[in-house]
Amino acid sequence: MAGHAGSGETTEDGGTVTVTLGQPLAPDAELFGTLAQGIWERARWSNGGPLVAELERGLEEAAGWRHVVATASGTSALTTALLALGLPRGGEVITSPLTFRATPLAIEAAGLTPVFVSSDPHTLTLDPSAVEQAIHARTVAILPVHLFGVATDTALDVLAEAHGLPVVYDAAHAYGFADIVGRGTATAYSLHATKLLHTGEGGFVATDDGQLDQRLRHAVNFGIDRDHDLHAGINGKMSELAAAVGLAAFPRLSAEVAARESLRLAYATAAESSSRVRVHAPGRRRALVMDVVRCDPQEQASIIRELAEHDVIARGFPALCGGGERYADRPVVGSTARDTDELSRSAIALPFHGRVQQRHIDSISEVFSS
């Protein structure tokens, strides 16, 4: 699951303001209070209560899918999707080493084995030619990541169909992005506090397949089907309180989207006039969950350090196969671990939320132009 951008509050200290990478959108307090009061009155806290059902309907409409199953986290959304497919234990799932730890963790939690393949250097998403190279008799699924909000190549869908493989997409960075709707077998989203829309902690699986929707509902609830233990599953249910947070955040979403659209334009303007950084994946549409710029890998650490000196917290995303990482000994089909690690060091994630102020933008522009 293309992962969490560190959360935190904007703090003031001696007249300076530090802006962190990801800061949660505050839900409407009055609406949350009303929704929470209903939970107390009904004494219904979990197990598919009315607020979870209402949130699922809202997500179906807002995200554009026919079926949505709410989960306790983005990681459990991925795991639930894989379990619902009934894949043989030990089977290999092709995925990206350029993602958050949650992505291979979900694969392993479903009893499967992650296989890493190379990424397109322009988009940082899976390279279809490397995916095709990695497919063999033990391959049971493909799990691409819409990394940094860039939709993966649609050639992956064609490739998967040709080989009879399901595709589960990791859309942790792509909530609200119409370009990814309707693709694949299922798509898992994160509703972590630092995402565009959030439930504090949560996620959901989306699909247009009605039969898969039923299997997802079994898998997220221990695999139970009408009180009988019949299927593979986990305890991945979303609570009513988490659903209340999401429902209370919906009314504030349009203003947050507008703020992020304006901020992306400001960052692009700063990058276009910089000799140190450049716009990520120019010419490609991107979702509004995260924003990154690209740089010379040798410059990443110094740029992040200089931004911190200006009270702006940015970060890099190390490749999972990089030196010192858990999967450092795993091969990367179509590339090498070293080259993949260097590619990961070409990206810098910037603070991307409605609390970023003009003085932060000015500081970022100053660092980019220095």
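The values are calculated or read from the model by the stated rules, or taken from the named source; none is laboratory data. Note that this is a predicted model, so its numbers are computed, not measured. In this analysis, Cβ positions are derived from the backbone assuming ideal geometry, glycine residues included, and neighbour counts consider all displayed protein chains. These area figures cover heavy atoms from the full protein model, side chains too; ligands, DNA and RNA do not enter into them. Shrake-Rupley method; radii C 1.70, N 1.55, O 1.52, S 1.80 Å.
Proximity of backbone amide H atoms, modeled 1.01 Å from N, is registered between ARG315 and ALA349 at under 5 Å, excluding neighbours fewer than 5 places apart on the same chain.
Pairs of Cα atoms nearer than 8 Å and 6+ residues apart set the relative contact order; for the chain it is 23 percent.
Placing unit charges on the Cβ atoms only, positive for Lys and Arg and negative for Asp and Glu, gives the chain a dipole magnitude near 260 debye about its Cα centre. Estimated translational diffusion coefficient (Stokes-Einstein, Kirkwood radius over Cα pairs, 20 °C, 1.002 mPa s) of the chain: 102 µm² per second. For region 332-345, backbone phi angles converted through the Karplus equation (6.51, -1.76, 1.60; θ = phi - 60°) give residue-by-residue couplings of 10, 5, x, 7, 10, 4, 5, 5, 5, 4, 5, 4, 5, 7 Hz, Gly and Pro being listed as x.
Run the numbers on region 156-249 and let me know its relative contact order in percent, using alpha-carbon pairs under 8 Å that are six or more apart. Once normalised by length, the contact order is 19 percent. So for region 190-298, taking the charge dipole from beta-carbon charges (+1 Lys/Arg, -1 Asp/Glu), which of GLN211, ALA244, LEU265 sits furthest toward the positive end? Towards the positive end, the residue furthest out is LEU265. Converting phi to 3J(HN,Hα) with the Karplus coefficients 6.51, -1.76 and 1.60 and the offset θ = phi - 60°, region 47-57 yields 6, x, x, x, 6, 4, 4, 5, 5, 4, 5 Hz in sequence order, with x at every glycine or proline.
Counting only protein heavy atoms and a 1.4 Å probe, tell me what percentage of the chain's accessible area is made up of carbon and sulfur. Please report the intermediate quantities before stating the final value.
Values: 7550 of 15050 Å².
Within the chain, the accessible surface is 50 percent carbon and sulfur.
Take every DSSP beta bridge whose two residues both sit in the chain; close to 60 percent of them are antiparallel. At a probe radius of 1.4 angstrom, the accessible area of the chain per residue rounds to 41 square angstrom. Within the listed set GLU161, GLU201, GLU306, the residue fluctuating most in the Gaussian network model of the chain (springs between alpha-carbon atoms under 10 angstrom) is GLU161. Applied to region 234-246, the Karplus parametrisation 6.51 cos²θ - 1.76 cosθ + 1.60 on θ = phi - 60° returns per-residue 3J(HN,Hα) values of 9, 8, x, 6, 7, 7, 5, 5, 4, 4, 4, 4, x Hz, with x for Gly and Pro.
The value of relative contact order for region 89-196, using C-alpha pairs under 8 Å at least six residues apart, is 23 percent.
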